[in-house]
Each structure stands twice: as structure tokens, then as C-alpha cells.
1. What distance in nm separates the two pseudo spin-label positions at Arg109 and Ser386, each 7 Å out from Cα along the beta-carbon direction?
2. Could you give the nm distance between label points at Leu187 and Asn241, where each point is 7 Å from its Cα heading toward the beta carbon?
3. Which ³J(HN,Hα) values, rounded to whole Hz and listed in residue order, are derived for the stretch 449-458 from phi using the Karplus coefficients 6.51, -1.76 and 1.60 in 6.51 cos²θ - 1.76 cosθ + 1.60 with θ = phi - 60°, glycine and proline given as x?
4. If I take every Cα pair under 8 Å that is 6 or more residues apart in the stretch 324-415, average their sequence separation and divide by the length, what percent do I get for the relative contact order?
5. What are the trypsin sites (Lys or Arg not before Pro) within the stretch 179-288 that DSSP puts in a loop, where the Cβ has at most 15 other Cβ atoms within 10 Å?
6. Be a star and scan the stretch 349-382 for residues whose amide nitrogen sits under 18 Å from the point 7 Å along the Cα-to-Cβ vector of Thr343.
7. For Met180 and Glu288, compute 0.36 nm times the residue count separating them, minus their Cα-Cα distance, and round to one decimal in nm.
8. Taking amide H positions as placed 1.01 Å from N in the peptide plane, with prolines and chain starts having none, which residues 5 or more places from Gly362, or on another chain, fall under 5 Å of its amide H?
Amino acid sequence: MKKRIPAQLKTIYWQNFMLTAGVVMLTLVLLGTSFFALSYGYALDERSEEMQDKATVVSGMVSSYVDGGSLSGMKELASFAASVTDEDFLICNSRGNVLLTTDTALVDRVLTLPDSVTERILTEGAYTERTTLGGIYEEKNFVVGVPVYARGQIVGSVLAVSEAHALTSMWRAFFSMFFMTTVTVLLLAFVVSAWASMRQSQPIREMAAATRRFADGDFDVRMHNYEGVTEIAELAVSFNNMADSLQETERQRREFIANVSHELKTPMTTIAGYTDGILDGTIPPSEEKPYLRIISDEARRLSRLVRRMLEVSQLQSRDVQRAPFDVCESMRRVLISLEKKITDRGLDVQADIPDESVTVVGDNDLITQVIYNLLENAAKFARSGSTLYLGLAVSNGKAFVSIRNEGDTIPAEEIPLLFERFHKSDKSRNQDKDGVGLGLYIVKTILDQHKEHIAVTSEKGLTTFTFTLSLNGSQLQQ
């Protein structure tokens, strides 16, 4: 069965703390172990050399006494050496028999070194070991032995003996210091990780709270500007940008619903009012026909509004199918399809379309709809008897399609609003009773999907819409 981890241990704070504490502990253990191994070996070698030097000095001083067999003078010499050092000395003959010792605990005891110790001193010329010397001592001591020479021959040995705790006391102090250092560093790591975790988790908790408020429909909440941590600051900026985008989307949604409600309400109210008037006899039968015509017109306008809304919805979810096509041919087809509307308005057309093909890249059907919407809009608001202009120019890898009409000048402050959903100027409402305010919005949506640009100018009664299209690669080479 899988063991569950407590929820509090899954937080950023505890994860950071456990990671920091683990890394610090591992680092301290590795450093402590390495330092101990190196320093212990170094100190042991130093101690061994020091004791060996002392034993060698004593060996040289007592060599004549060993050779002559005078123990009294040798004892005084050994006692003096022990008094000025921290070690005890054992002076032995070549067979390993202890002739004298400065250790009072071993006085009056017949002692003999183990054969292995004597043999190593005689053959190797030195002996270093932690040992009890075959039971001479109850606990292991640090022993260094050197031979005693007389007339060029080994006649005995001198052993310097030091208690082992003299060496281990330093390491106990070291471990105590290491333990205190470890505790101090872990406490410091606890404080540092707590501070760092709070700085990291606080904005995340705020974002979680803001997200819950977003879910409740409150898009006014924003993150603070967190400085010092680049990633958190970038996350806060991105979060605020997302909040701005959501707020703008919510504003557009509410505005769209309000506009749709308004646009639907007008024809439905007209239809319902005149229908009730006919049914209840308020409108006499002899006058029904004009009102029935109004009802029919409003029903058609309502149908156009719904159809346009469906087009917008389909455009927003549709993938653009990019392919090369002749934009000149598309412009000619649009002119032919709008010929009756243009003629009914008493308008002339100035077409500046090249005879040779101009191949661009895009969705032919959607770009054709852009040209249709713009030309229909220009014809609708053109002054009767004026001239419409439809032209194409090529420059710097782009095709520029222009549609111009003569009519009322659009105020400069209103030009940026032309491509919004359901937007109509007051003058437009009087002339465009059948419009639903979605034609130019559809134009802008299609061109945005193609990543193309559209510009509008309106001066002295001349209004021009110009949009760009990307030329095909083969067209660029011509």
C-alpha cells in the first residue's frame, strides 16, 4: 500500500526546507569526514614522528648503559626523559626483556615484549602501533619503538608509550565543535529557507486567491509588483496581463450581449406592435398592407442580423486556408455581383485593376468577402451620382487594395470605432436602416486572421479603405 505524504509536507516551504537541510547536512558530513580523515592521518604521523624522535634520542643516550649493563645510570636517564615529555619509556634488551620502565604501574614486574614486536624493531628498524604489547597494558596505547645500537650492532630497543586518549581527546573536541556547527548551520538554513519560501509562496497564494475571485466573476483583482525575484515578477506581470485580457473579454461579452439585445429588441418590438395592431383591429384592414410590409422588412432585418452573427461565430472558429489566388479576378467578381446595387444608387465606378494577374496568398473566399463588404459599404454611403473607386497597387512585397467613395466625412474620433461590433454612426443609422453593424467587424476579423492591416482615411467627403495582402513568392520574382 502506497504511503501517503502529509499535506503540509507538500508545501513549497517544507519542500525547500527539507531540500536545504538535506544539502547542508550532506555537505557538512562530507566536509567533516574528509577533514577528519586528512587531519587524523596527519596528526597521527606527526605524533609518530615526534615519539620516534624522542625514542631515538633516548636510544642514543642509553646505548652505552645497555652495553655495559649498568641499570642505575640508565634508569636515571630514562626517568629524566619521561619527566620532560608526555610519554613513558620501556628499555629492553635484544631478546625483548624489559630491563626498566618509567611507568610506575609496571615497576617490579617481569615483562617481556611479544616476539612480533621485537622482530619488527630488529628487522625494520622501527615500530609504530596501537597495542597492549601482548597484555602488558590493559588498554591499547600508542607505541613507537626504535633499536638501540652499540658498536654498530643492535643491542636492545627503546619503546615510547603514550596513552591513546591523548590523541582521541582532540577528535572528541572536533566532533563537539562539528555538532555545534551543524546545529547552527541548520538553524540558519531553517531561517533562510523560511524567508525564501515565504517570498515564493506568498505571490502564489495571492494568485490562487485571485483565481478564485476570477471564478466568481470579479476581474478587478491585480497582483502586486514583486521585485527582487525575476521569475515571480514576470509571473505577476503575466498574471496582470491575463487579468486585463479577461476583463476586456468580459467587457466585450457584456457589450456584445447588450448590443445584440438592443438590435434584436427593435425589430421584434416593431413586429409585435404592428402584428397586435392588425389582430386587435387598431389598424383597419384597408391600411394593413403598409404595416405588413414593415413587418416583413423587420423580419428580414432580424434574419440578416442572426445570419451575420452566425458568420462572426464561424469566422472566429474557422482555420484560414492559405493558398495562392488572383486577387484581380476576385475584385472583378465582386464588381459584377454588386452591379445592380451600384446602378440602383446611380453610381459610377472607376476600376483601377491591372490586366495581368496579381497572385497573393490567403483564403480566397474570405478575402473576396472582405472586398464585397467594403465595396457594399462604400456604395451604401456614397452620395447619389458620385463615383466609386476600386483599385489595386503593388509595392514592397504587398498588394494594396483600395475602396473609395464620396459622401459625408467620418469624424476623426469615430474612425477607430468603425470596426467594432454593432457600431453605427448617427448619420449611418439614418441612411442604413437595413444594416446590422457587423460588416466592418467581419472585415477586421478576417484581416487579423491573415495578419494583414487595414487603414481608413476620411477628408473633405472622400473616405478610403485600404488593406494589404501578401504577394505569392513567384509573384515577387516577376
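1. About 12.8 nm separates the two model spin labels.
2. Roughly 4.6 nm, to one decimal.
3. Result, rounded to whole Hz: 5, 8, 6, 10, 10, 10, 10, 10, 10, 8.
4. It comes to 31 percent, rounded to a whole number.
5. Sites meeting the loop and neighbour criteria: Arg222.
6. Of the residues in the stretch 349-382, 349-351, 376, 379-380 have backbone N under 18 Å from the label point off Thr343.
7. Extra length from Met180 to Glu288 when fully extended: 28.5 nm.
8. Ala323, Phe325
Throughout, read-outs are computed from the coordinates displayed, never taken from laboratory work. A quick note: this is a predicted structure, and the numbers were derived from the prediction, not measured. A quick note on method: Cβ atoms are made from the backbone with ideal geometry, for glycine too, and the neighbour counts reach across all protein chains shown.
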